Amino acid sequence: MRTRPGSSAAVLFPRAESVPPMAFTLRQVGTRLGVLGLAVSTLGIVVAIALAPWFSPTANALSDLGEVGRASAPAFNYGLIAGGVLGVGFAARLWVDASGTVGRAGVALLAAALASMALIGVFPIPHPNHFAVSVAFFTLFTYALFVLGSAGALAGRVRAGLGAIWLGIAHVTFWVVWTAVGTEGVAIPETVGALTLGVWVVARTRRLLATEGG
């Protein structure tokens, strides 16, 4: 992608060929925001589960941990808010190197998904907006994987592109199988979904660090 001059992403995370090495600080920080966001949100969920002896992965949704009034709610909700905000910063970093229109569309979907993740914490159960933002998170990041994978394949990174697409397929397939089984709780497919996104974020971060010499 050729970043448009004057865009906010270009200002924060300039392309490598346009700046001296000492100016890479914000660019390198942005590269690490995705993994940091994953770590923060995961820690929040782990702490929330530790504070919720009633929680069952086969009978509950992860969002039940954030229900207003529960001891687990602050860790769960604030973890998602912080992780989502950091993730949007990572998406801004990805925008700089996105491949054409398809790549930019994929990054935009990813940013929307991570913003929705933060909103899950902003609108915890029983807020009327909670279900909508929860569905938006899982739906948007799955489409983001499909589109980002397509962009990678079109740009010649076929292996990485197909990897992203197959992660999206794995996520959808697991939900279909879980629904067919008819188990009441959805914490397990939600966790699998988060893992598919996490695998992609870690892989993309490693490729970015390799190009930056990090």
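Kirkwood hydrodynamic radius computed over the stretch 78-175 comes to 13.7 Å, based on all pairs of distinct alpha carbons.
How much length would be gained if the chain were fully extended between A108 and A203, taking 0.36 nm per residue of separation minus their Cα-Cα distance, in nm to one decimal?
That pair, A108 and A203, stretches by 32.3 nm at full extension.
Extents of the chain, largest first, come to 54, 33, 29 Å (Cα atoms, principal axes, whole angstrom).
Less than 5 angstrom separates the built amide H of G185 from those of A59, N60, all sequence-distant by 5 or more or on a different chain. If I take every Cα pair under 8 Å that is 6 or more residues apart in the chain, average their sequence separation and divide by the length, what percent do I get for the relative contact order? Dividing the mean separation by the residue count of the chain yields 23 percent.
Dividing the mean sequence gap of close Cα pairs (under 8 Å, 6+ apart) by how many residues the stretch 76-130 holds gives a relative contact order of 51 percent.
Among the GluC sites (Glu not before Pro) in the stretch 124-214, those placed in a DSSP loop whose Cβ has at most 13 other Cβ atoms within 10 Å are E184. Taking the chain as the reference, fit the longest principal axis to its C-alpha atoms, fit the long axis of helix 130-154 to the helix C-alpha atoms, and give the angle between the two in degrees, 0 to 90, nearest 10. With both axes taken from Cα atoms, the answer is about 30 degrees.
Computed extension gain for A180 through H127, at 0.36 nm per residue and net of the alpha carbon distance, reaches 16.3 nm.
Since every read-out is calculated from the coordinates, none of them should be taken as a lab result. Source: prediction; values computed, not measured. Neighbour counts are summed over all protein chains in view; Cβ atoms, including those assigned to glycine, are modelled from backbone coordinates with ideal geometry.
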